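The values are calculated or read from the model by the stated rules, or taken from the named source; none is laboratory data. Remember, predicted model here, so these are calculated numbers, not experimental data. Neighbour counts are summed over all protein chains in view; Cβ atoms, including those assigned to glycine, are modelled from backbone coordinates with ideal geometry.
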Amino acid sequence: MKKFVALFIVLILFPVNVFAISASKAVVMDLNSGRVLYDLNKDEPQLIASITKIMTCLVTIMYSDLDKVVVVDEDVLKSYGSSVYLEVGEEIKLIDLLYGLMLRSGNDAATQIAKTVAGSEEAFVYLMNEYADTIGMKNTHFVNPHGLDSNGVGNTSTAYDMALLTKVAMQNETFKKIFGTQSYTAESNLKTYNWEGKNKLFSMYPYTTGGKTGYTDAARRTLVTTASKDNKNLVVVTLNDGNDFNDHKSLYEMYFEKYDSVLTIDKDHFEIEDTYYDHVEFYVKNDYYALVTEEEKKNLKINITLFKYDDIYDGIKIGEAKVMVNDTLLHTESIYAKKVKVEKEEKEEGFFSKILRWFTSW
């Protein structure tokens, strides 16, 4: 009995803080560095439902003219699930279909987009898988552009791979704009669309910058969102999460609090001590903010590497600045060179030179 009382007292004096989310897989990633700040079974593949459309949107932006007018064909009649309700013969711009794809998760839009961009759904899926491989999505396989599954067969990925895809996609300004849009009006030759996004996190959390929802009976709820606060930019991915919006909000609050943003590379005050090059000014094109904990700040450093060239010209990439925390690489920034003009110093005029100049002046 005494042991029980002692344990009870310890638990009261030192309460245990347990953090748990409802997801079976999850990732919190720094959008700037790609560093994983939190993970739960991050590399376990599963069906991903409509967050597939992040890849569909990005591939379309990369491979097609977004001002192209799409004439909706009879393939649209095969679509089911979430829809923007396109009609056969309807004419609508590809950029407008992308908004319908992302805000309303239109499977009919996905089908028409794929055929317009690549000629067929199969050819478009090839582009999706090819790009996934290019950016390092090692545990991802796409079979369609919309995310629907049948008898357990559908698009599969991991929390990490989807965070990586979103990190890459957010570097594209067109994607970033679409991903962060909450409402959109589109015009076709038949009707006017007024679309409201399904991402409830916009109304729940003021720092939200984008998101894509997903659901099928087999995949359950999937969600990818992004948020930014005080020069800190994060992406959160949850798979099979019945409480996804609340979990995303909690994860953002926790990791925005835990990490600080430190200006590590300042493009306006970038200097290097170097003895190899004479009359050369070194510069970088971007600032870089490192996301680190209070403890990690003392282990934050920049490793400078300069390439040795016999001849240089203005604007040449001459080295790299690697931002490290402990042994983890956070960022690599290119260093460029610019020649500095040196004014020739006038030599002091000698005595005989002065005499010669005096005689010749007559």
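A residue that is within 23 Å of SER82 (Cα to Cα), small (Gly, Ala, Ser) and in contact with a Lys or Arg (Cβ under 7 Å, 6 or more places away or on another chain) occurs somewhere in the stretch 242-255. The set of residues in the stretch 59-98 that are part of a loop (DSSP other than H, G, I, E, B), under 17 Å from ASN172 (Cα atoms) and in contact (Cβ under 8 Å) with a residue 60 or more places away in the chain contains only LEU66.
Name the residues in the stretch 149-177 that are in a helix (DSSP H, G or I) and surrounded by fewer than 22 Cβ atoms within 10 Å (Cβ to Cβ), would you? Answer for the stretch 149-177, where residues must be in a helix (DSSP H, G or I) and surrounded by fewer than 22 Cβ atoms within 10 Å (Cβ to Cβ): LYS167, VAL168, GLU173, THR174, LYS176, LYS177.
Which members of the stretch 291-330 meet the condition of being outside any strand (DSSP E or B) and within 20 Å of ASN233 (Cβ to Cβ)?
Of everything in the stretch 291-330, those that are outside any strand (DSSP E or B) and within 20 Å of ASN233 (Cβ to Cβ) turn out to be THR293, GLU294, GLU296, LYS297.
Of the numbered criteria (1) assigned to a loop (DSSP other than H, G, I, E, B); (2) more than 26 Å from the chain's Cα centre (by Cα), the one GLU122 fails is (1). Screening ASN129, ASN144 for residues that are in a loop (DSSP other than H, G, I, E, B) and either under 22 Å from VAL88 (Cα atoms) or assigned by TED's automatic domain parsing to the domain that holds ASN41 (or both) leaves exactly one candidate, ASN144.
Among the residues of the stretch 291-304, is there at least one that is among the hydroxyl-bearing types (Ser, Thr, Tyr), modelled with pLDDT of 95 or more and over 23 Å from SER50 (Cα atoms)? Yes. Being touching a Gly at 6+ places or on another chain (Cβ under 6 Å) and either closer than 19 Å to LEU148 by Cβ or among the basic types (Lys, Arg) (or both) holds for only one residue in ALA110, ALA132, ALA49, ALA114, and it is ALA49. Restricting ASN286, ASN299 to those that are under 19 Å from VAL36 (Cα atoms) and not assigned by TED's automatic domain parsing to the domain that holds ASP149 reduces the list to ASN299.
In the stretch 270-285, the count of residues that are more than 30 Å from ALA20 (Cβ to Cβ), modelled with pLDDT of 95 or more and under 24 Å from the mean Cα position of the chain (by Cα) is one or more.
Taken over the stretch 239-261, the criterion of being within 18 Å of GLY211 (Cα to Cα) and not in a helix (DSSP H, G or I) is satisfied by LEU239, ASN240, ASP241, GLY242, ASN243.
Is it the case that the stretch 264-275 has a residue that's outside the structural domain of LEU37 (by TED's automatic domain parsing), part of a helix (DSSP H, G or I) and farther than 29 Å from THR166 by Cα? Yes, the conditions are met somewhere in the stretch 264-275. For the stretch 77-107, a tally of residues being surrounded by 20 or more Cβ atoms within 10 Å (Cβ to Cβ) and either over 31 Å from the mean Cα position of the chain (by Cα) or of a type outside the set (A, V, I, L, M) (or both) returns 9.
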